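Inspection log for the structure reproduced underneath, given as structure tokens.
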Amino acid sequence: MPGLCSAWSAFADFHTWRFRCRAASAIAAAVRRVARLRAAPAHWLFSDARVSVAGSTLVVRLPFSWRRFPYALTVVGAAPRFVPGPFARVSATPNRVAVRNATLTVVFRRFTVRGAERAFERGDVDEAPVPQGDVLGTRARLRAVVRTRALLAIDGVVLRRLLPALRRVYWQTADRGDYAELVPESTGAAALSLVAAHGKARPNAFRDALEAIRALPRVRVRIGVPADPDSRYAARLLYAGWRDVGLGPELVTEPARALDGAFGRWYAPYPQAEAIPAELTLRDRIGSRTLLLRALQATQQEGPLRAFDDDLRASARFVPVAWVVDARLVSPRLQGWREDDLGDVAYSAVRSLASSPRP
């Protein structure tokens with residue numbers, strides 16, 4: 001919310017941050033709440049932080065130097081729950097939420113993915129998600145405007161409890177090409193690195209991996225997969241490629257015990273290149289903590305993030321597969337509609353050519 005905090009300053013080499021805020025106590029309560037909730041998506045951001053309030057000053061003490069920490073406070077979980085935002089709630093049920101400001105009413109409705117698409121065809125909604133893997137088909141069928149946006153989010157596989165040689169052949173033989181064409185439907189979405197535009201496939205790497213597989217014992221590798229259909233479809237593409245080259249993956253629906261790895265999607269919680277590496281290391285305990293902390297305190301992050309990424313790639317504990325591409329049907333009568341790197345839309349900037357219906 002613009003104006004919620006008017007100034008901030010860092011002390012002790014970015015270990016301590018002070019913010020002058022209109023609702024310092026409310027913000028502190030929100031941050032402490034997330035820090036207590038271990039299952040909260042943003043828990044790892046604040047779990048080791050010490051938060052205090054002195055009048056209108058919010059003080060956050062961190063266990064390590066973090067130059068870009070103010071971005072962490074932009075996550076939804078840290079939002080003060082009782083401070084007015086750009087919209088006021090009009091009504092709310094599990095399937096329908098209506099909010100309003102002085103010029104616009106926005107109604108959010110719950111559908112299945114196909115149901116949302118049909119509602120868009122009927123003109124019942126102005127925006128709807130495109131089903132995964134159906135961007136080209138939707139464009140051809142509806143002849144509608146499908147807006148796509150590459151997000152700061154990545155699909156990948158965490159590998160644990162495996163010998164380094166086995167992890168490396170899984171890294172080298174992941175079928176990123178077919179995955180990128182069938183899931184995000186963008187050949188440019190294939191990912192070899194956590195740092196955009198960093199990392200190229202080594203010539204003959206795939207052939208060398210095939211040779212290495214012949215020398216490795218046949219080992220069953222249990223990979224956990226979320227239960228939703230989209231995740232299972234995407235994981236099966238990787239599974240098929242690995243089985244074709246002679247590896248032994250087994251997909252197991254999460255939650256499950258004694259897993260060797262996990263397939264998933266990592267969303268950046270805030271719009272910075274460090275966010276996904278920080279999430280992997282501080283939350284999932286994957287990657288070098290020392291190299292990550294160097295990146296978090298660096299003025300220029302490109303070099304330290306590349307060093308972190310190179311080390312992660314050498315360990316093969318995380319197999320990057322593809323960057324996430326979000327696709328939405330958007331009515332041409334919406335002006336100012338724009339999706340940011342996190343997949344969020346600032347509806348306060350949207351204008352409708354027709355008056356919004358009142359709930």
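Mind checking whether some residue in the range 194-201 is of a type in the set (A, V, I, L, M), without any contact (Cβ under 8 Å) to a residue 40 or more places away in the chain and open to solvent by 30 Å² or more (accessible area, probe 1.4 Å)?
Yes; the residues of the range 194-201 include at least one that is of a type in the set (A, V, I, L, M), without any contact (Cβ under 8 Å) to a residue 40 or more places away in the chain and open to solvent by 30 Å² or more (accessible area, probe 1.4 Å).
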Is the range 154-171 home to any residue that is buried (at least 17 other Cβ atoms within 10 Å of the Cβ), over 27 Å from ARG285 (Cα atoms) and out of contact with any Ser or Thr (no Cβ under 7 Å at 6 or more places or on another chain)? no
Matching residues, the range 13-42, being touching a residue at least 24 places away in the same chain (Cβ under 8 Å), part of a helix (DSSP H, G or I) and closer than 27 Å to ALA295 by Cβ: ILE27, ALA30, VAL31, VAL34
So which of ASP230, ASP175, ASP260 is open to solvent by less than 70 Å² (accessible area, probe 1.4 Å), within 23 Å of the chain's Cα centre (by Cα) and farther than 22 Å from ASP309 by Cβ? ASP260
Is one or more of the residues making up the range 48-67 part of a loop (DSSP other than H, G, I, E, B), more than 23 Å from ALA23 (Cβ to Cβ), acidic (Asp, Glu) and open to solvent by 50 Å² or more (accessible area, probe 1.4 Å)? yes
Looking only at the range 310-335, filter to residues that are part of a loop (DSSP other than H, G, I, E, B) and at pLDDT 95 or above; which one of those is surrounded by the fewest Cβ atoms within 10 Å (Cβ to Cβ)? ALA316
Report, by residue number, each residue of the range 115-163 that is modelled with pLDDT of 95 or more and closer than 30 Å to GLY246 by Cβ. ILE154, ASP155, GLY156, VAL157, VAL158, LEU159
Select from the range 41-66 the residues that are touching a Ser or Thr at 6+ places or on another chain (Cβ under 7 Å) and not hydrophobic (A, V, I, L, M, F, W, C) and list them in ascending order. ARG61
Can you tell me which of (1) within 17 Å of the chain's Cα centre (by Cα); (2) closer than 17 Å to ARG167 by Cβ; (3) open to solvent by less than 10 Å² (accessible area, probe 1.4 Å); (4) not hydrophobic (A, V, I, L, M, F, W, C) is the one ASP284 doesn't meet? (3)
Return the pair list, or none, for Cβ contacts closer than 7 Å from residues in the range 79-90 that are farther than 17 Å from ASN101 by Cβ and surrounded by fewer than 14 Cβ atoms within 10 Å (Cβ to Cβ) to residues that are among the aliphatic types (A, V, I, L, M) and modelled with pLDDT of 85 or more, at least 6 apart or on different chains. ARG81/ALA30; PHE82/ALA26
Inside the range 1-32, can you point out the residues that are in contact with a helix residue (DSSP H, G or I) (Cβ under 9 Å, 6 or more places away or on another chain), open to solvent by 70 Å² or more (accessible area, probe 1.4 Å) and modelled with pLDDT under 95? TRP8, ASP13
Looking only at the range 299-309, decide whether some residue is under 19 Å from the mean Cα position of the chain (by Cα), crowded, with 17+ Cβ neighbours inside 10 Å and assigned to a loop (DSSP other than H, G, I, E, B). no
Select from the range 130-154 the residues that are in contact with a Leu (Cβ under 9 Å, 6 or more places away or on another chain) and part of a strand (DSSP E or B) and list them in ascending order. VAL146, ARG147, LEU151, LEU152, ALA153, ILE154
Of a type outside the set (Asp, Glu), loosely packed, with under 13 Cβ neighbours inside 10 Å and under 21 Å from the mean Cα position of the chain (by Cα): is that true of ALA346 in this structure? yes
Report whether or not THR290 is closer than 21 Å to PRO226 by Cα, open to solvent by 40 Å² or more (accessible area, probe 1.4 Å) and among the polar types (S, T, N, Q). no
For ARG218, are the conditions met, namely being at pLDDT 90 or above, of a type in the set (Lys, Arg) and surrounded by fewer than 16 Cβ atoms within 10 Å (Cβ to Cβ)? no
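The values are calculated or read from the model by the stated rules, or taken from the named source; none is laboratory data. Just so we're clear, the structure is a prediction, and the values are computed from it rather than from any experiment. Heads up, the Cβs are rebuilt from the backbone with ideal geometry, glycines too, and the neighbour counts pull from every protein chain shown. Surface accessibility is based on the protein's heavy atoms, side chains included, excluding ligands, DNA and RNA. Shrake-Rupley method; radii C 1.70, N 1.55, O 1.52, S 1.80 Å.
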